[in-house]
Amino acid sequence: MILLFTDFGTGGLYVGQVKAVLQEHAPKVPVIDLLHDAPAFNVKAGAHLLAALAERLPKGGVTLAMVDPGVGGRREPLAVLADGRWFVGPDNGLISVVAARAKKHEAFSIGWRPKELSASFHGRDLFAPVAAMLARGDSKTPKLKKAALAVSFGADDLGEVIYVDHFGNLVTGLRAGNVPRDRGLVINRRAVRYARVFSDVKQGEVFWYENSLGLVELAANSASAQQVLGLKPGSRLG
C-alpha cells in the first residue's frame, strides 16, 4: 500500500502525475490519498501532522511525503523505516517527527536517480518510483544507505496551528494527553475552555477538545473556529 501525503492540492496538475508513475512502477499496489492539502511550504506543520497520522497507518505501507519548498536545492532524498512503516520524502525535517517519536527507526539516504529528473518535480520523478520500489518489497534498487537525518524537529509538541479542516476547525501540534482538561487556552486574548464534544457547548461557542488523532483542536459548535479566532497554519498559541 502507498499513501500520499502532500501539499500539492487536489485541483492541479501534480497528484495525477504522481499516481501515473506509481501505476507504472507498482500497478498492483493500492494507492490511498491520505492528504493533499497539508499547509503549503510549512514543513514543520506538515511534520507534526504526519506524525499524528503515522501510528494509525498500516504497517508495511509506504507513505510518500511531499512538502518540499526546497525542491531542486541541496536537501537530500530520504527513506525512513519507522515502527514497520516506510516514509519517503525530502530530508528537510518533514519525516523527522515521525522518526523521533518511533520506538524504532532507521534512516537511509537514497542513492538511486532516474534517467530524467526534473529540477522542480522530484515527487514525480524521484520519490514516486522509490516509493513504488519499496511497496513492491524491493529495498535494494533504491540504493539505500544508512544515514542520519540532516534536519530534525525532534519529538516535542508544537504550540501552533498545523492544519485547518473543511469546517474551519484548527488542528494544533499539541498532543491532548499533555494538556490538562481543566486548563483553558488563551487564544488572541480570548479564553477557550475544554469540552468533550461539540454538543457540550452552545451553538457558535469556541472550545478545545481532543480530536480523533489525539491532538488539541480548536473548534466551534456549528461555526468556523478559524473565522472566529482569525488563525491559520503557523499561528502560535497563547
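Nothing in this text is a laboratory measurement; each read-out follows from the coordinates by a stated rule. These figures come from a predicted structure and were not determined experimentally. Methodologically, a virtual Cβ is constructed for each residue, glycine included, from the backbone with ideal geometry; neighbour enumeration extends over all protein chains shown.
GNM, the chain, Cα, under 10 Å: largest mean-square fluctuation among ASN42, ASN188, ASN92?
ASN188
Counting only C-alpha contacts under 8 Å and six or more residues apart, can you give the relative contact order of the chain as a whole percent?
Taking the mean separation of contacting Cα pairs over the length of the chain, I get 18 percent.
Output the DSSP H helices from the chain with an along-axis C-alpha extent of no less than 15 Å and a mean Kyte-Doolittle hydropathy no less than 0.0.
Once both thresholds are applied, what remains is 43-54.
Mind listing the phi-derived Karplus ³J(HN,Hα) values for segment 165-170, rounded to whole Hz, using 6.51, -1.76 and 1.60 with θ = phi - 60°, and x for any glycine or proline?
8, 4, 8, x, 6, 10
Going by Cα centres, segment 62-92 and segment 127-157 are how many Å apart?
Taking the Cα centre of segment 127-157 as reference, the centre of segment 62-92 is 6 Å away.
To check you understand DSSP bridge types, tell me what percent of the beta bridges within segment 2-146 (both residues inside) are antiparallel, rounded to 5. Show your work: numbers first, answer last.
Values: 14 of 26 bridges.
That works out to approximately 55 percent antiparallel.
Which whole-number percent gives the relative contact order of segment 152-238, counting Cα pairs below 8 Å spaced six or more residues apart? Could the numbers behind the result be given before it?
Numbers: 170 pairs, mean separation 31.0, N = 87.
For segment 152-238, the relative contact order is 36 percent.
Which entries in the list LYS28/LYS115; LYS59/LYS143; LYS202/LYS232; LYS44/LYS104; LYS28/LYS104; LYS104/LYS232 go over 26 Å, if you measure between the two C-alpha atoms of each?
Checking Cα-Cα distances, LYS28/LYS104; LYS104/LYS232 exceed 26 Å.
Please return the longest stretch of the chain lacking exposed loop sites, where chymotrypsin sites (Phe, Trp or Tyr not before Pro) count only if DSSP places them in a loop and at most 15 other Cβ atoms lie within 10 Å. Walk me through the numbers on the way to the answer.
Working: sites that count: PHE41, TRP112, PHE167.
Of all site-free stretches, the longest is 168-238.
Got a sec to turn the phi values of segment 154-163 into Karplus ³J(HN,Hα) couplings, 6.51 cos²θ - 1.76 cosθ + 1.60 with θ = phi - 60°, whole Hz, x for Gly and Pro?
Ordered by residue, 3J(HN,Hα) equals x, 9, 5, 5, 10, x, 9, 6, 10, 6 Hz.
What is the P(r) of the chain, as percent of Cα-Cα pairs per 5 Å bin from 0?
Here the calculated profile for the chain is 1, 7, 14, 18, 18, 14, 10, 8, 6, 3, 1, 0.
Sequence-distant or interchain residues sharing an amide H contact under 5 Å with ARG85, placed H: which?
GLY60
What translational diffusion coefficient, to the nearest whole µm²/s, does segment 158-229 have by Stokes-Einstein, given a Kirkwood radius computed over alpha-carbon pairs, a temperature of 25 °C and 0.890 mPa s viscosity? Kindly include the intermediate steps, with their values, before the conclusion.
Details: Rh = 11.9 Å.
Translational D for this selection: 206 µm²/s.
5 Å is the cut-off here: which amide hydrogens, built 1.01 Å from N in the peptide plane, fall below it relative to ASP91, excluding neighbours closer than 5 in sequence?
Answer set, sorted by chain and number: GLU76, LEU78.
Would you mind checking which residues have amide H under 5 Å from TYR163's amide H? H placed 1.01 Å from N; only 5 or more apart, or other chain.
Here the answer is VAL171, since their amide H atoms fall under 5 Å of that of TYR163.
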